[in-house]
Every structure is written in structure tokens, then in C-alpha cells.
Amino acid sequence: MPTIHNLGFPRIGKKRELKFALEKYWQGHSSQPELEEVAAQLRRQHWAEQKHLDFVPAGDFSFYDQVLDSSFLLGNIPDQFKCVEDFNTSHSLDQYFTVARGRSFEDHDSGCRHQDLSAGEMTKWFDTNYHYIVPEFRTNTHFSLNPQRLLAQIEQAKKQNYRVKPVIIGPITYLWLGKSRDKSDRIELLESLLDVYSELLQLLSEQGIEWVQIDEPVLVTELSEQWRHALRTAYYRLQNIPVKILLTTYFGKLQENLRLACELPVDGLHINALDNEQEVAKVIDWLPSQKVLSLGIINGRNIWKSDLNHLLKWLKPVYERLQERLWLAPSCSLLHVPVDLNSEQKLDAEIKDWLSFAVQKLQELDVINQALTHGADKVKQELEENKRCIVSRQQSERIHKPQVKSRVASITDDMVNRKSPYTVRAEVQQKRFKLPVYPTTTIGSFPQTGDIRQVRRQYRNGQLAETDYLKIIQQEVKRSINEQEKLGLDVLVHGEAERNDMVEYFGELLDGFDFSQFGWVQSYGSRCVKPPILFGDISRSETMTVEWIKYAQSLTDKPMKGMLTGPVTILNWSFVRDDQSRAETCFQIALAIRDEVLDLEQAGISIIQIDEAALREGLPLRKSQWNDYLDWAIKAFRIAANGVQDETQIHTHMCYSEFNDIIEAIAGMDADVITIETSRSDMELLDVFDKFQYPNEIGPGVYDIHSPNIPSVAAMVELLQKASIRIPAQRLWVNPDCGLKTRQWDEVRPALSNMIEAARQLRTAFQV
Ligand code: GLN
Ligand code: ZN
């Protein structure tokens with residue numbers, strides 16, 4: 001029979017138990033043994049959910065991040081943290097948390113996901129929304145094995161009588177994920193790194209471990225010959241240790257690395273089999289006959305039920321051919337999906353039928369296994385039930401709205417383009433707004449105090465009447481406008497007090513979305529996100545922001561920016577339907593946002609900002625696929641934005657500074673103004689403008705909102721002077737990096753006051 005297994009289980013807990021335990025510990029309200037006990041308890045529960053598998057994973061549990069765990073396992077701690085005591089003891093977690101969080105950590109939920117400098121650098125794990133701590137390398141980096149934590153997890157599973165498959169990140173992926181801090185070539189460290197991996201595998205074999213899962217997801221990316229060579233070196237070196245290696249790849253197809261992956265001297269290969277029948281067929285032909293082939297047949301990153309009958313039909317001949325060489329698993333670690341659908345009490349019953357979270361996915365695997373081993377009759381009922389759900393989803397009127405589909409089909413070029421080019425618009429807009437040079441504005445949100453959050457919560461739970469709620473939020477809008485007028489900003493915002501989250505707010509108002517109660521997935525450390533479930537054709541049944549913005553505009557003579565989230569960001573931060581292309585779904589959202597933009601314009605709103613905070617993170621793993629993504633993503637933005645008249649000014653905002661490689665696409669959005677994050681990179685980002693003449697207006701953020709520090713006038717003047725070397729002053733705006741919702745008014749007031757003073761000084765200098 002086939003072997004069924006799992007690459008990793010979510011560790012945060014059904015009800016985010018790990019998050020709460022961690023935060024309690026960080027606040028000093030619990031002891032280390034108490035925290036360890038919660039962790040052990042969670043592992044016990046998670047293995048129990050996997051007990052029908054032939055192997056359970058161990059080592060997939062982490063207190064913060066599995067890459068940081070690898071750094072500790074391999075004894076690779078950045079120098080600046082070596083001063084923290086207890087480095088080599090397995091008892092103290094404090095050094096670990098110091099590397100993870102720095103010393104004065106703040107939880108930023110502005111959507112920008114940054115942290116203080118003193119903490120280890122964090123970045124996105126491949127093309128997921130999970131963030132890992134970047135390993136650091138130097139020429140003299142020395143590795144040493146610290147296996148205690150991994151061994152303890154293995155020991156715990158064994159004691160509970162599980163057949164354990166330890167999970168570790170492969171040496172090449174580990175190096176590839178890290179950064180050299182002294183310009184040395186990190187591949188040079190491979191030999192000494194392999195010493196430690198050998199030692200580890202040796203140790204695992206002595207512990208009676210039969211199979212080790214070694215993750216090398218780099219194999220689905222474009223690799224230079226140097227990296228491909230490193231892979232060969234590594235696995236030739238590790239092949240003689242008496243433990244079997246299952247080399248796992250996920251998140252994409254192997255493509256040009258397929259042959260390499262088949263040839264590496266390991267005992268088994270796991271590949272992503274979703275939508276990948278062709279590659280699977282090739283691997284079956286190419287894989288040496290002594291090797292195991294593990295197919296990732298259940299989507300480990302999305303929440304839809306698998307079509308089991310379809311899978312079975314495909315797998316039957318595969319199984320006949322491979323027999324016990326066939327292993328089956330989810331496509332990747334289940335870290336990226338919520339834990340258990342059964343926790344959901346409020347989800348719409350029809351929609352719930354279409355979903356599958358981690359626990360359910362492993363049950364799907366079991367049904368497939370039973371059917372292959374004993375025949376489909378053995379699981380007749382399960383297969384019929386699955387079929388019912390799949391058909392219900394294919395045919396539901398909640399999902400399929402002919403008028404939405406036909407609207408997308410009839411998108412014309414006219415809808416994608418502004419009426420006139422930027423230079424013409426700029427003149428019309430200058431006449432309308434008469435803004436000074438270096439105009440000042442903010443990105444959208446103002447501080448969200450505990451009171452505001454509480455009011456929103458009470459309203460949500462029905463403890464506060466709508467009229468009372470509206471009154472309180474209106475008060476808040478009024479307050480933020482007063483503050484802005486007192487400060488003397490040129491273009492105002494309403495402050496977003498009514499919004500909990502920039503995507504969720506729109507998801508709740510659009511048709512085609514639903515929301516889970518406990519559908520949390522880990523974003524980084526203890527921080528989780530609960531992505532909206534985008535299940536159907538998207539439409540807007542009523543205006544979403546117009547009343548708020550109209551109200552805000554009625555309180556001031558200054559222009560008030562209408563504030564929207566863009567289609568690409570809404571798409572990228574949701575669990576998205578898999579029954580049509582992402583582009584198609586994105587165009588549907590774009591049309592809904594377009595309607596809102598036009599309604600705002602109708603209501604007299606003269607400036608509209610459409611945030612695309614997540615545009616960059618949707619880039620595919622392979623560069624060769626970037627253009628395809630950018631083509632439809634930029635088009636979607638243009639559909640949303642470009643229906644307006646010349647005199648309406650469109651802004652967009654992005655919270656990152658690395659866009660050198662996509663600057664042309666960003667210019668292609670043709671927003672009149674773009675605001676971006678730059679203050680922390682000291683305007684380095686603007687280097688790109690030496691080579692590329694950015695055509696429209698730009699506000700390089702001069703105030704780092706991720707830090708409580710109040711930037712000085714001089715510092716901001718200097719940043720803007722640097723910017724004006726590359727971008728003509730007439731096209732520069734003055735603004736913070738991002739929204740201010742995580743800050744306090746006491747910080748925001750002096751910071752903005754300094755920012756406005758900086759703009760004033762620059763204007764004076766400009767006129768002279
Ligand atoms: N307008 C949003 C805000 O100010 C933008 C947030 C973001 O870019 N992450 O909060
Ligand atoms: Zn931002």
C-alpha cells in the first residue's frame with residue numbers, strides 16, 4: 001500500500017494557544033516550564049490528529065520560526081546576539097527570542113510587517129505570507145550542532161508511540177535563504193555546513209530514525225549552475241550516512257531542475273503534484289527504481305476540498321505502477337492553512353461544505369489511501385459525500401454570477417486608460433488644487449486607540465447600536481481632521497477609524513467573500529492573520545466608503561482623499577478560489593473598486609488613493625513568470641483607477657522600498673501620485689531613478705512610522721534633498737512611510753509637525 005505522511009502541521013493551535021502562551025511569557029506572566037508545557041501539549045494534540053498517517057513529522061514545531069530554529073540547530077547565531085547569556089544551553093529560550101524579536105519589539109499591524117533593527121531581519125518565506133528570520137553569514141561563520149530541541153521533539157513523539165520522520169531544512173535552502181553580511185560568498189561555507197549536517201544525520205540514525213525529511217524548496221526556483229552544483233555536492237556527501245533521506249520540494253514545479261532532482265542520491269523525492277500531471281509522469285520515468293516518489297496531492301496552501309474522485313482516477317494507474325514506492329502527502333507543510341474546520345460554528349453551511357483545513361486535509365489523504373489500498377468501495381460514502389460538495393461548489397449560484405463574468409469579459413481598453421496622459425492631467429489638477437511645491441499628506445490611518453477598537457468590537461458583537469457607533473466614529477473622524485488642520489497638512493484623510501483591517505473591511509462589504517472565526521495562519525512569531533475567504537464572483541451591492549469620505553469632506557475646505565484598498569492587495573491577502581485564474585478574480589475585484597472610485601468622484605471627492613500594499617508580494621517565485629503576473633496585476637489596478645476625469649487625482653501607496661526590479665510596471669500603473677517606503681533605507685531606493693525616469697509624482701516616505709522615534713526637521717529635509725537630486729521638486733510629495741494606526745497621537749503630532757516644517761523650509765529654499 002502507499003505510505004501517507006505529512007510535511008508539517010500548523011503549530012499555532014486551533015484557538016491560537018501558542019500565540020497566547022508566547023505573549024504571556026514575553027510579558028513575564030508565565031515561566032519557561034509553563035510555556036514548554038503548552039508546547040508539549042500542542043504537539044501531543046497535533047500528532048493525535050495525524051495518528052492515521054504512516055509517519056508523523058517532528059521538528060515542525062517551533063516557538064517562533066523554523067528557519068530560526070535551523071540557525072540555532074546549526075549554531076549560527078549572528079554576532080550581535082552572542083552577548084546574550086545562555087547561548088548553548090537547551091534550557092533557555094531567551095536568546096532565541098532576542099534574536100527573533102530584538103530588545104524593544106513592537107507588534108506592528110499596519111500590514112507592513114517590519115520590526116526593529118535590533119531583531120534579526122525578517123522576510124517572506126518563498127511566495128507565502130509566512131515570514132522567517134534571515135540567517136546571516138560571514139566569511140568566518142562557524143557552525144556547530146545543537147540538536148537538543150530537535151531531539152526532544154523526536155523523543156516526545158516516540159514516547160507516544162508514533163513513527164517519527166524528523167523534518168529539517170536542507171543545507172542548500174538554508175544557505176540560499178540567508179544573507180552574507182560581509183560580501184563573502186555563502187556557498188563557500190557549504191563544506192563546513194555539511195560537516196554539521198553529517199553529524200546530525202549520524203545522530204538521527206543512532207536514534208533509530210529510518211527516514212528524515214529534508215526540505216529543499218529552492219529546487220522550484222531558477223538556480224544558477226553554482227547552486228545546482230552545490231545541491232549535488234551536498235547530497236553526494238550525505239549519501240553514505242545510514243539514514244534514508246526524503247528530499248522534499250514544494251510551492252511550484254521543478255521544471256528545468258526536474259532531472260537534477262531525480263538524480264540526486266537520496267532515497268525518495270517529494271514533489272508538488274497539484275496541477276502537475278505532466279511532471280509527475282516524467283518523474284515516474286526518470287526516478288531510479290529504488291527510490292520512493294512522494295506526491296503532494298492535497299493543496300497545503302489553500303482551503304478548498306480536494307476533488308477526491310478525480311484524484312483517485314489519476315492515481316490508480318500511478319499506484320499500479322509504483323506500488324509501495326508511492327507515498328502521498330499534502331503538497332507542502334500545512335503551516336499555511338488553519339487548523340480545524342470543525343472549530344467553525346458560524347460559517348455559512350453551504351460554504352463550509354466546500355472547505356478543508358489542516359485536519360480535514362489529512363483525512364482526505366486517508367480516504368485516498370483507503371481507496372487505493374482496498375478499493376473505492378471501502379470509502380464509498382466518503383467519496384460520494386466529497387462528490388456532493390464538489391458539485392455543489394461547481395454549480396452554486398452563490399459563486400457563479402453571469403452578470404459579473406460578462407462584465408469582466410467586456411472590459412475595454414478605454415476602461416484601462418486615463419482620458420489624457422499624466423502631463424495634461426497634472427496641469428488640470430494643479431489649477432484645481434493649487435497645492436504648494438512639496439505638498440504634505442499622510443497615508444490614510446490615524447492612531448487607533450484602544451477605545452476605537454473596543455467600540456468597533458462592541459458594534460460587531462451587537463452590544464452597541466448602529467446610530468451610537470456611527471456617532472462615535474464620526475467624532476473620531478472629526479478629531480483627526482481637526483488635528484490635521486491644526487498641523488497644516490495640505491491633503492487630508494479621514495483616518496480609517498471604521499476599519500479593522502484594510503482588506504477585511506472591503507471583503508465584508510463585497511459579495512463573494514466569507515469570514516471564518518478561527519481561520520488563523522501564522523504570519524510571523526505569534527502574529528497570525530485570518531485571510532478572508534474569497535469564494536465567488538465579486539460584486540458590490542452598495543457603496544463602501546462614500547458616506548464616510550463625504551462626511552469627512554464636509555468638515556474641511558482642504559481636499560479629502562478617498563481611501564480604498566486595491567484589487568491586487570485584496571486578492572493577495574485572501575484565500576482565493578481555485579476554480580478560475582487569479583487574474584480573472586482580480587479583474588472582478590477591480591470592477592467593484594472602480595465603481596466605488598466613480599461613486600466617490602460623483603460625490604465630489606477630488607483625490608482618491610488606492611493602496612496596493614501587497615502588489616510586490618504576489619510576484620511568482622520564478623522571474624520568468626513575473627511579466628505575466630505584472631501584466632494582469634497592473635491592468636487590474638488601472639481598471640480600478642482609470643475611469644476618472646482628468647481633474648481627479650489618483651494616488652497609490654506601497655509599503656516597501658524594494659522595487660527597482662519592477663519600477664517600470666509601477667510606472668505603468670499611471671497613478672498621478674505614488675507614496676512609498678523609503679526613510680529606513682535612507683533614500684537608497686531612489687537610486688533606481690538614476691536609471692529610470694519615473695514620470696509621475698512621488699512621495700518617498702520621510703517619517704518611519706514603524707518606530708516611536710520623532711524624526712527631526714533636519715533629518716527629513718536631508719532625505720528630501722536626497723530625493724530631489726533624482727526627482728524634480730515639482731513632482732515630490734512629503735509624507736510618512738505608511739499609515740499611522742499603530743502609533744500614539746503623542747508621537748504623531750510632533751512628528752507630523754516636524755514633517756510640515758521640513759516641507760516649509762524646502763519651499764522657501766525652492767523659491768529663492
Ligand atoms: N491606507 C492604509 C493605512 O494608512 C495603508 C496601510 C498599508 O499600506 N499597509 O493604514
Ligand atoms: Zn504602507
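Within the group Ile756, Ile676, which residue is in contact (Cβ under 8 Å) with a residue 24 or more places away in the chain, touching a Gly at 6+ places or on another chain (Cβ under 7 Å) and within 16 Å of ligand 1 (Cβ to nearest atom)? Write out each step before concluding.
Working: Ile756 fails: within 16 Å of ligand 1 (Cβ to nearest atom).
Exactly one of Ile756, Ile676 is in contact (Cβ under 8 Å) with a residue 24 or more places away in the chain, touching a Gly at 6+ places or on another chain (Cβ under 7 Å) and within 16 Å of ligand 1 (Cβ to nearest atom), namely Ile676.
Note on region 473-576: enclosed helices (runs of 4 or more DSSP H) holding 1 or more residues that are over 25 Å from Asp348 (Cα atoms) and not aromatic (Phe, Trp, Tyr) are 546-554, 567-572. Considered as a group, the residues in region 61-114 that are of a type in the set (Gly, Ala, Ser) and modelled with pLDDT of 85 or more include one that is nearest to ligand 1 (Cβ to nearest atom), and that residue is Ala100.
Please go through region 4-29 and give me each residue that is part of a helix (DSSP H, G or I) and under 19 Å from the mean Cα position of the chain (by Cα), ordered by number.
Filtering region 4-29 for residues part of a helix (DSSP H, G or I) gives 17-26.
The one that is part of a helix (DSSP H, G or I) and under 19 Å from the mean Cα position of the chain (by Cα): Lys19.
Tell me, please, whether a residue that is assigned to a helix (DSSP H, G or I) and either within 33 Å of the chain's Cα centre (by Cα) or surrounded by fewer than 12 Cβ atoms within 10 Å (Cβ to Cβ) (or both) can be found in region 431-442. Yes - at least one qualifying residue is present in region 431-442. Filtering region 350-372 to residues that are more than 24 Å from Tyr130 (Cα to Cα) and part of a loop (DSSP other than H, G, I, E, B) leaves Asp353, Trp354. Surrounded by fewer than 16 Cβ atoms within 10 Å (Cβ to Cβ) and not basic (Lys, Arg): does that describe Gly495? For Gly495, the condition - surrounded by fewer than 16 Cβ atoms within 10 Å (Cβ to Cβ) and not basic (Lys, Arg) - is not met. The residue of region 678-691 that is modelled with the lowest pLDDT, among those that are farther than 24 Å from Thr742 by Cβ and surrounded by 14 or more Cβ atoms within 10 Å (Cβ to Cβ), is Leu686. For the residues Leu311, Leu347, Leu335, Leu328, the requirement of being part of a loop (DSSP other than H, G, I, E, B) and under 29 Å from the mean Cα position of the chain (by Cα) singles out Leu347. Determine whether region 649-656 contains at least one residue that is in contact with an Asp or Glu (Cβ under 7 Å, 6 or more places away or on another chain), closer than 20 Å to Asp611 by Cα and either of a type in the set (Gly, Ala, Ser) or surrounded by fewer than 21 Cβ atoms within 10 Å (Cβ to Cβ) (or both). Taking every residue of region 649-656 in turn, at least one turns out to be in contact with an Asp or Glu (Cβ under 7 Å, 6 or more places away or on another chain), closer than 20 Å to Asp611 by Cα and either of a type in the set (Gly, Ala, Ser) or surrounded by fewer than 21 Cβ atoms within 10 Å (Cβ to Cβ) (or both). Reported count of residues in region 196-248, each being crowded, with 17+ Cβ neighbours inside 10 Å, acidic (Asp, Glu) and over 17 Å from Ser294 (Cα atoms), is 0.
State yes or no: is Phe446 surrounded by 14 or more Cβ atoms within 10 Å (Cβ to Cβ), closer than 30 Å to Arg760 by Cα, touching a residue at least 24 places away in the same chain (Cβ under 8 Å) and touching an Asp or Glu at 6+ places or on another chain (Cβ under 8 Å)?
Numbers: surrounded by 14 or more Cβ atoms within 10 Å (Cβ to Cβ): yes; closer than 30 Å to Arg760 by Cα: yes; touching a residue at least 24 places away in the same chain (Cβ under 8 Å): yes; touching an Asp or Glu at 6+ places or on another chain (Cβ under 8 Å): yes.
The answer is yes for Phe446.
Only residues that are away from ligand 2 (no atom under 16 Å from the Cβ) and either modelled with pLDDT of 95 or more or hydrophobic (A, V, I, L, M, F, W, C) (or both) were counted in region 429-449, giving 12.
In region 730-749, which residues are part of a helix (DSSP H, G or I), under 22 Å from Cys655 (Cα atoms) and more than 16 Å from ligand 1 (Cβ to nearest atom)? Working first, answer last.
Going residue by residue through region 730-749, those that are part of a helix (DSSP H, G or I) are 730-731, 745-749.
Imposing the further condition that a residue be under 22 Å from Cys655 (Cα atoms) reduces the set to 731, 745, 747-749.
Of everything in region 730-749, those that are part of a helix (DSSP H, G or I), under 22 Å from Cys655 (Cα atoms) and more than 16 Å from ligand 1 (Cβ to nearest atom) turn out to be Arg731, Arg749.
Of all residues in region 597-614, those satisfying the criterion of being of a type outside the set (Gly, Ala, Ser) and more than 16 Å from ligand 1 (Cβ to nearest atom) are Leu598, Asp599, Glu601, Gln602. Exactly one residue out of Glu647, Glu617, Glu697, Glu718 is more than 25 Å from Ala426 (Cα to Cα), away from ligand 1 (no atom under 16 Å from the Cβ) and not small (Gly, Ala, Ser), and it is Glu718.
Checking the conditions here, which among Phe433, Phe518 is within 30 Å of Arg16 (Cα to Cα), in contact with a Pro (Cβ under 7 Å, 6 or more places away or on another chain) and away from ligand 1 (no atom under 14 Å from the Cβ)?
Phe518
The values are calculated or read from the model by the stated rules, or taken from the named source; none is laboratory data. Given the structure is predicted, the values throughout are model-derived calculations rather than measurements. Glycine also receives a Cβ, built like all others from the backbone with ideal geometry; neighbour counts cover every protein chain displayed.
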